[in-house]
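The values are calculated or read from the model by the stated rules, or taken from the named source; none is laboratory data. As the structure is a prediction and not an experimental result, all values here were calculated from the model. Cβ atoms come from the backbone with ideal geometry, glycine included; neighbour counts cover every protein chain shown. These accessible areas exclude ligands, DNA and RNA; they are computed on the full protein's heavy atoms, side chains included. Shrake-Rupley method; radii C 1.70, N 1.55, O 1.52, S 1.80 Å.
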Amino acid sequence: LGTRKRTRELETESSSQKSSQEVLTIQTRSGCSPSSGEIVIEGQVPFCANLELILRMKKIQNIVFMGNLGGCTQAITEAKDKGFGCWLLEECLPTIVAESKQEAIAVPSSFLLGALSSTSNSLILAVNGTLMRGLELNPNMINAGATFVSEAETDKAYRMWSLDDVCPAMQRVSEGGTNIKLELWSVPYASVPDILKKEPAGLCIGKVRLADGSEVLGVLGEAWKCEGKREITSYGGWRNYIKNKNKDKTM
């Protein structure tokens, strides 16, 4: 919603990638001359009934917000409450207000293009802690419609910390890293914000490089969250740590 120049670039790029999904551009501010195919909703409008009707009729499940979010926080919250996936395009945001960041996930345009050009409605998400099979928060994945794809591991550039033995936090580093075991899941795009919102504070989404050189989105830990915590990199993954932590304490 807003920032037409970047919207046009995304539409052009996604068309060149032969996207099978429709890109609908909606302006919520007057004063701009609409281009062909654009829908204009006049004035400072939150997530109104007309907008919801338009999106439902076109079977659109995900909304990308761009531009000045000062007046968009209410719209993001209402859209989220109505079951839409909400994303913030980070290159087009002068600032990300805290309330908006809590309700939506900030992503680079490269991620959005991947969503637009995909023939699927899902993405591959790498999880390395309690979202994995059989662990405490795995029901969050199942309830979101996610499906297990495979086990995998990172390249040798990651370190891991235990956050009070509740969950791990993984970071990419320039030295001292190793391969960290994780799982790859196929997650519906619209479900990713819900999964991440239920994660502990300090965990975020970012690109994770796998041992085969490919990159996927995955759960990472912010630096402040790892300060003063026990480093468990040598275990090579959360499962191995929780299996052996008590054993190591008695030795």
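Can A190 be described as among the small types (G, A, S), surrounded by 16 or more Cβ atoms within 10 Å (Cβ to Cβ), touching a strand residue (DSSP E or B) at 6+ places or on another chain (Cβ under 8 Å) and in a strand (DSSP E or B)? Taking the combined requirement at face value, the residue does not satisfy it. Of all residue pairs spaced 6 or more apart or on separate chains, those with beta-carbon atoms under 7 Å, a first member in the stretch 223-248 that is among the acidic types (D, E) and a second member that is modelled with pLDDT of 90 or more are E231/R159; E231/W161.
Within the group E215, E199, which residue is acidic (D, E) and in contact with a Lys or Arg (Cβ under 8 Å, 6 or more places away or on another chain)?
On the way: E199 fails: in contact with a Lys or Arg (Cβ under 8 Å, 6 or more places away or on another chain).
Step by step, each of E215, E199 is checked, and only E215 is acidic (D, E) and in contact with a Lys or Arg (Cβ under 8 Å, 6 or more places away or on another chain).
Whether any residue in the stretch 108-125 is modelled with pLDDT of 95 or more and either open to solvent by 20 Å² or more (accessible area, probe 1.4 Å) or part of a helix (DSSP H, G or I) (or both) is what I want to check. Checked against the condition, which is being modelled with pLDDT of 95 or more and either open to solvent by 20 Å² or more (accessible area, probe 1.4 Å) or part of a helix (DSSP H, G or I) (or both), the stretch 108-125 yields no hits at all. Can you tell me which residues in the stretch 164-178 are buried (at least 17 other Cβ atoms within 10 Å of the Cβ), more than 16 Å from K207 (Cβ to Cβ) and more than 21 Å from the chain's Cα centre (by Cα)? Residue satisfying the conditions is T178 alone.
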